[in-house]
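Reading through the structure tokens given below for one structure.
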Amino acid sequence: MCVVRLNWISIAAVLLAGCGGAPDFVYEPPASYRVPLSADIQGVWAREGKDNGERARVSALADGMLRIDFFSTRPDARHIPDTPLIARALRFDNTDWLLVDRNRLSALQHSQYTGSAPYRLIKYALEGDNRLCGIEPSASLFAAAIDAGKLEGKVERYAGPFMHVTVTSPGEGWVKWWSELPASEKMFAQPVFCFQRVD
């Protein structure tokens with residue numbers, strides 16, 4: 001079971017570990033899906049809920065990349081990553097996505113990612129002007145596609161509903177498969193990460 005505490009390092013740990021809810025990808029989508037980060041997303045954000053002083057400043061870089069710098073408004077703050085997270089903005093299936101490289105993500109915890117499927121995918125949406133939410137696609141949906149031969153990959157099942165899904169299809173292939181799924185069949189994993197704009 002994933003337990004998400006209200007701090008940034010916990011979010012990084014959830015994305016690194018996967019918690020069995022979301023797939024890992026060996027290949028990123030082609031460059032044609034890269035888009036500049038919307039100006040509406042740039043700025044300073046705080047985790048939704050009780051304010052613990054932790055903040056993330058999101059800014060656009062070249063070639064559809066973005067930078068997330070972490071800081072705190074409290075001098076006694078702990079567990080604030082001192083390394084920015086660099087991610088990629090994508091758009092496909094009429095949806096905005098962040099592609100997170102776990103090699104970069106692991107640097108937030110001063111560790112090194114040693115796996116062979118470094119990419120995690122997060123759907124994000126701006127709700128109004130001041131609320132931003134992100135969620136990952138469901139591992140079970142990708143597992144079913146792999147079992148049915150619609151995607152290439154590996155499914156490792158554990159006790160209960162937990163599994164680890166690695167998608168080895170080329171990026172163009174899994175994007176095409178996802179985009180062709182009816183909206184009613186698209187499933188997402190928990191938890192949902194939501195943020196409030198503070199600047």
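The values are calculated or read from the model by the stated rules, or taken from the named source; none is laboratory data. Since this is a predicted model, take the numbers as computed values, not measurements. We place every Cβ from the backbone using ideal geometry, glycine too, and count neighbours over all the protein chains shown. Quick note on the areas: whole protein, heavy atoms, side chains included, nothing else; ligands and nucleic acids left out. Shrake-Rupley method; radii C 1.70, N 1.55, O 1.52, S 1.80 Å.
With a simple spin-label model that places each label point 7 Å from the Cα along the Cα-to-Cβ direction, the separation between F71 and S116 comes to 4.2 nm.
So what is log10(I(q)/I(0)) for the chain at q = 0.09, 0.10 1/Å, when the Debye sum runs over its Cα atoms only? With one equal scatterer per Cα and no solvent, log10 I(q)/I(0) is -0.33, -0.41. Legend: residue pairs K150/K176; K123/K154; K50/K123; K150/K186, Cα-Cα distance threshold 20 Å; pairs beyond threshold, K123/K154; K50/K123.
Using a probe radius of 1.4 angstrom, the carbon and sulfur fraction of the accessible surface of the chain is 52%.
Here the contact order of the chain, divided by its residue count and restricted to Cα pairs under 8 Å and six or more residues apart, works out to 27 percent.
Go ahead and set up a Gaussian network model of the chain, Cα springs under 10 Å, then flag whichever of L151, L121, L105 fluctuates most. Largest GNM mean-square fluctuation: L151. Computed on segment 29-94, with alpha-carbon pairs under 8 angstrom and 6+ residues apart, the relative contact order is 31 percent. Mind telling me which of S140, S32, S179 comes out most flexible in a GNM of the chain, alpha-carbon contacts under 10 Å? With Cα springs under 10 Å in the chain, the top fluctuation among S140, S32, S179 is at S32. Note on segment 87-160: Rg/Rh from Cα positions, Kirkwood definition for Rh, rounded to two decimals, is 1.03.
What size of dipole, in debye to the nearest 20, comes out for segment 116-199 about its Cα centre when the only charges are +1 on Lys and Arg C-beta atoms and -1 on Asp and Glu C-beta atoms?
100
At full extension, V35 and M187 could sit 52.3 nm farther apart than now, given 0.36 nm per residue minus the alpha carbon distance. What the chain shows is 50 Å² of accessible area per residue, with the surface traced by a 1.4 Å probe over protein heavy atoms.
Placing +1 on each Lys and Arg Cβ and -1 on each Asp and Glu Cβ, with no other charges, gives segment 39-197 a dipole about its Cα centre of roughly 280 debye.
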